[in-house]
1. Using 7 Å Cα-to-Cβ label points, what is the Val146/Ile53 separation (nm, one decimal)?
2. Tell me the GluC sites (Glu not before Pro) within the stretch 148-221 that lie in a loop according to DSSP and have at most 11 other beta-carbon atoms within 10 Å.
3. Enter the Cα centre distance for the pair the stretch 84-111 and the stretch 17-54, rounded to the nearest angstrom.
4. For the stretch 128-221, which whole-number percentage of the solvent-accessible area (1.4 Å probe, protein heavy atoms only) is attributable to carbon and sulfur atoms?
5. Enumerate the whole-percent occupancy of each 5 Å bin, from 0 to the last occupied one, for all C-alpha pair distances of the chain.
6. Take every Cα pair under 8 Å in the chain that's 6+ residues apart, average their separations, divide by the length, and report that relative contact order as a whole percent.
7. Based on the Cβ-Cβ distance of Arg171 and Asn220, what FRET efficiency does E = 1/(1 + (r/R0)^6) give at R0 = 41 Å, to the nearest 0.05?
8. Once ligands and nucleic acids are excluded and a 1.4 Å probe is used, how much of Lys160 is accessible, expressed in Å² to the nearest 10?
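The values are calculated or read from the model by the stated rules, or taken from the named source; none is laboratory data. Because the structure is predicted, anything quoted here is derived from the model rather than measured. Note that each Cβ is placed from the backbone with ideal geometry, even for glycine, and that neighbours are counted across all protein chains shown. SASA here: full protein model, heavy atoms, side chains in, ligands and nucleic acids out. Shrake-Rupley method; radii C 1.70, N 1.55, O 1.52, S 1.80 Å.
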Amino acid sequence: MAAPSIHASLKPSFAPSLGTTEPKAIQDVISALSMIPHIEGGYFAETDRDRLIIPSPFPQDTSYSSEAAQLVPQREGFDPRYRNASTTIYYLLTPSSPQGNFHRNRARTVHTLHRGRGVYVLIHADEDGDQEGRKRIESFVVGPDVSKGERLQWIVEGGKYKASFLLPDARSDGESEGLLITETVVPGFEYCDHDFLRRGGLEKLVGKEQAENLSWLVRND
């Protein structure tokens, strides 16, 4: 059974403090996995790019946004007519970089938990809204305690906005050694298939009241 929606009470557990030194245990993970900062927040390392090349299922004449391409150069040799069949990364949230800001991808993403706890917030922008046009919001906890509804695996289909933030570890006094997951994107990830959600867009999707509650999960710079 899926965990119930908790979006009415979403609050950050850790305040971002980029530029500060991560605890040694987290530094060791970042170093061992050769991770670098992610434009969404947190850290990542690409671990696989399938050699199988397939025709792109996405329209050739449009892209979600040029913003990601301005922040990160498009992969060398990329041909928009094609995609790798899949790509896989490690992704890590830490107490110093504790949230991944709202974004969407055209492709579906399969997530697998390795350690830690966090909350995922989805805005179903690809679905019909309510009578006032507001889109459905879903949130759930990912973590090791499946008996309490925490998830070990979760899938986000293309076209949905996604954000995440770190929770304290179970049986800890407000501490966390980070939320470490694997993400596999099918077909493979490209920055032209990526889009950030900004405050104006958030309000259009969910209404002013919910936008106030969720605005801290929007990229500000």
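1. Placing both labels 7 Å beyond Cα along the Cβ direction yields 4.0 nm.
2. Here the GluC sites (Glu not before Pro) that fit, given the DSSP loop and packing criteria, are Glu175.
3. 10 Å
4. Percent of accessible area from carbon and sulfur atoms in the stretch 128-221: 45.
5. All Cα pairs considered, the percentages come to 1, 7, 14, 19, 20, 17, 12, 7, 2, 0, 0.
6. That works out to 29 percent.
7. 0.75
8. Solvent-accessible area, nearest 10 Å²: 20 Å².
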